[in-house]
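Shown next, in structure tokens, is the structure this report addresses.
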Amino acid sequence: MEDSDGRLDPIGPLEDPRPSLAADTTAAVDLLVGLWTRTAKTGTPQLSALQLHALHTVRTTPGLNLGALAGAIGTAPSAASRLCDRLEAAGMILRAPPPTNRRTIGLTLTRRGQDALDAVSARRERLLSDVLDRMPNDKRGALLTGLRAFATASRAADPEASQPG
């Protein structure tokens, strides 16, 4: 490739690596999301991504009401109500008025709901361990460093990004 003076440029044009980085990151995240989703749907209990998101939200914000849950998981209150009906029927959440406000109904995670989240987390950790064991040690260290930097940048750009689910 020639530069503007007609001389050969042995390095070639300097290109912005970000588009490739974003595309490569997207491909890796797509693989991870696929693995992540399968771990929730395998084993017992089988949970959808939305059910997991709801359970995580209830765990991190015990006592929140249905409207707050709907907002947190991005659904209409009617859809969140039906979701809670299913989770309550499965014994994973409990609806009860909180002691501080008897006019509303709060949601809390039951022992079974906590066990379900723990089981999914354990399956995910086993899966990640299997994949990470196939990577060279230096690449695992670089991945961890990069993920920590990504998490920091993501939280700075979007404080809600640290919410689970």
Extreme residue, modelled with the highest pLDDT, among residues of segment 19-65 that are open to solvent by 60 Å² or more (accessible area, probe 1.4 Å) and among the hydrophobic types (A, V, I, L, M, F, W, C)
LEU50
Regarding segment 134-143, can at least one residue be identified that is within 30 Å of GLN46 (Cα to Cα), at pLDDT 90 or above and not in a helix (DSSP H, G or I)?
yes
Spot the failing condition for ASP85; the list is (1) modelled with pLDDT under 90; (2) open to solvent by 40 Å² or more (accessible area, probe 1.4 Å); (3) more than 25 Å from THR25 (Cα to Cα), and only one is missed.
(1)
Qualifying positions in segment 91-111 - at pLDDT 95 or above and either among the small types (Gly, Ala, Ser) or loosely packed, with under 14 Cβ neighbours inside 10 Å (or both)
GLY91, ARG111
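The values are calculated or read from the model by the stated rules, or taken from the named source; none is laboratory data. What you see is a predicted model, and the numbers here were worked out from it, not measured in a lab. Cβ coordinates were reconstructed from backbone atoms using ideal geometry, including for glycine residues, and neighbour counts include every protein chain displayed. With ligands, DNA and RNA removed, areas are computed over all heavy atoms of the protein, side chains included. Shrake-Rupley method; radii C 1.70, N 1.55, O 1.52, S 1.80 Å.
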